[in-house]
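Below is one structure, written out as structure tokens, with a few remarks after it.
The values are calculated or read from the model by the stated rules, or taken from the named source; none is laboratory data. The shown structure was predicted, so the numbers you read here are calculated from the model rather than taken from an experiment. Using ideal geometry, Cβ is built from the backbone for each residue, glycine included, and neighbour counts are taken over all protein chains shown. All accessible areas refer to the heavy atoms of the entire protein, side chains included, with ligands and DNA or RNA removed. Shrake-Rupley method; radii C 1.70, N 1.55, O 1.52, S 1.80 Å.
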Amino acid sequence: MPISNASLLYLQIKIAGDFMKEKEKEATLPDKKDFSEWYNELLQVAEIMDVRYPVKGLYVWYPFGFAIRKNVYNIIRELLDTDHMETMFPLLIPEQEFMKEAEHIKGFEDEVYWVTHGGTSLLDVKLALRPTSETAIYPMYKLWVRSHADLPLKLYQVVNTFRYETKHTRPLIRLREITSFKEAHTVHATWEEAAKQVNEAISIYTEFYRRLAVPVLASKRPDWDKFPGADYTIAVDALMPDGKTLQVGTAHHLGDNFARTFDIKYENPAGEQIYANQTCYGISERSIAALISIHGDNKGLVLPPEVAPIQIVVIPIVFKDSSEVIEACEKVSELLQKDGIRTKLDLSDDRPGAKYYKWEMKGVPLRLEIGPRDLKNNVAVLVRRDTGEKQQVPIDKIVHKVHELLKSIHQNLFEKAVTDLQSRIFTCSSLEDAKDKLSAGISLLPWCGEKKCGLQIEEKIGAGILGIPTEQKESQNVQCPVCGRDASVKVYVAKKY
Ligand code: P5A
Ligand code: ZN
């Protein structure tokens, strides 16, 4: 039947309309060079977090974002479960417990939310919403730790914590309700064993971030920036695209400071009561902020396969009714799914272009297309999200090839991120030089170790000292840029989130 002019016109308008709609959608993500806008928009468009919840600093996980979270936290659980046990402590901490450790209080008192009422009655004892759980957990550790045979004790929990942050709040980065606070708390017989555990924690975090394809830098924080109540703090930082660093994990040596406060003692083999040594270490959803920011591009998310809720999307390329193509797609999807690959078969009414756009935005690592001609040749087309590279693969080799490509995508994302990080660490000798490099990344600057000079460095450069790299070769013939004395170490200096 011939098409009338009117329906032809209708069709043309419809196609143009669809095209425009798609362009409009595509135009919603700002260029990644405008990192802050790109980040905020991406969280919404890719359905990670909804920022419209009516309390400042509190955000809502979209189910898709939460699926990423689940995969990310499975990794940290897997790594910890080898020699930690998972537990769960209450959210509310009585005032007397919270107020026991002087340094700890000083560090947190401005950030604590207090529960003062039960219904309409004033509570006898104010209750703190945990900003972190030392003061919830350690009174119980006092009861649980009796003898040297109880040590080491290594527990962790994944909980929400509340901090009344006064710095600019941002989704996943600085929250007032941290929804995904993974905190580990360990108890040891000696200071040395606790120190070993801190190193072990940093190794675990480094491995965790490698699994997210995010390289991190470990450094010992200067004394004025350590955790309130700790002997020392080692942190891992990631470098964000805008040149600022994000502290994505910390491990603290608590010495016996908290043990003395909370009376955590064990009996040694000689029958003496000894104060225990403790560590604690934590990460949060900042881990997800880092992985999204570092890998994403102008088309949206780029997810490392291990954490991608959908690892491959299968799209039939059908122009007219083509049940054979759809059947082939169904068969391939089933095979992939059976082999443990998280597969999505997209049979929606959208045009292929709209589907590409949608799944690219969602960061799906691989796309598989089958059209009528491919089917005739018994092949499918695989497209990588990270490089855009396309290749034809015989249908009977798909499963094997997909596994191989997923591995290769992870490798590529990590290598790219490592190269980028290394290219943005600058060895500097003067304050001016370090200041110049700040917008690009991190400076390595000599420092004599004196607090006065450290604070001067921070003030004059307008940035923060991250700390002394944990793996650092002795520096020779370098001078502190403030006092001119010999400096035995170099420190990372950067703009911090
Ligand atoms: C270690 C775990 C602690 O609280 N107590 C138990 C110790 N350390 S910390 O450095 O204060 O926090 C651990 C990590 O949590 C992240 N983080 C945050 N993430 C999002 N929003 C926040 N407001 C926030 N505050 C801290 C950081 O990655 C930090 O290293
Ligand atoms: Zn100095």
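So the values come out like this:
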{"read-out": "Residues satisfying the stated conditions in the stretch 453-483, i.e. free of Cβ contacts under 8 Å to residues at least 40 places away in the same chain, away from ligand 2 (no atom under 13 Å from the Cβ) and touching a Phe, Trp or Tyr at 6+ places or on another chain (Cβ under 8 Å)", "value": "none"}
{"read-out": "Residue list for the stretch 459-483, filter: under 20 Å from Thr245 (Cα atoms), away from ligand 1 (no atom under 16 Å from the Cβ) and surrounded by fewer than 17 Cβ atoms within 10 Å (Cβ to Cβ)", "value": "Glu459, Lys460, Gly462, Glu471, Gln472"}
{"read-out": "Residue check, Lys452 outside any strand (DSSP E or B) and open to solvent by 20 Å² or more (accessible area, probe 1.4 Å)", "value": "yes"}
{"read-out": "Unique residue being open to solvent by 10 Å² or more (accessible area, probe 1.4 Å) and farther than 23 Å from Gly282 by Cα when the list is Gly118, Gly107", "value": "Gly118"}
{"read-out": "Elements of type strands (runs of 3 or more DSSP E) in the stretch 223-268, at least 2 residues being within 14 Å of ligand 1 (Cβ to nearest atom) and either open to solvent by 10 Å² or more (accessible area, probe 1.4 Å) or modelled with pLDDT of 95 or more (or both)", "value": "232-239, 245-255"}
{"read-out": "Subset of the stretch 294-349 (residues that are aliphatic (A, V, I, L, M), over 19 Å from the mean Cα position of the chain (by Cα) and assigned to a helix (DSSP H, G or I))", "value": "Val325, Ile326, Ala328, Val332, Leu335, Leu336"}
{"read-out": "For Val60: the one exception among (1) within 25 Å of Leu291 (Cα to Cα); (2) touching a helix residue (DSSP H, G or I) at 6+ places or on another chain (Cβ under 7 Å)", "value": "(2)"}
{"read-out": "Residue that is surrounded by the fewest Cβ atoms within 10 Å (Cβ to Cβ), among those in the stretch 484-495 that are farther than 23 Å from Val198 by Cα and either away from ligand 2 (no atom under 12 Å from the Cβ) or of a type in the set (A, V, I, L, M, F, W, C) (or both)", "value": "Lys495"}
{"read-out": "Elements of type helices (runs of 4 or more DSSP H) contained in the stretch 66-157, each with 1 or more residues being charged (D, E, K, R) and touching a helix residue (DSSP H, G or I) at 6+ places or on another chain (Cβ under 7 Å)", "value": "95-98, 134-144"}
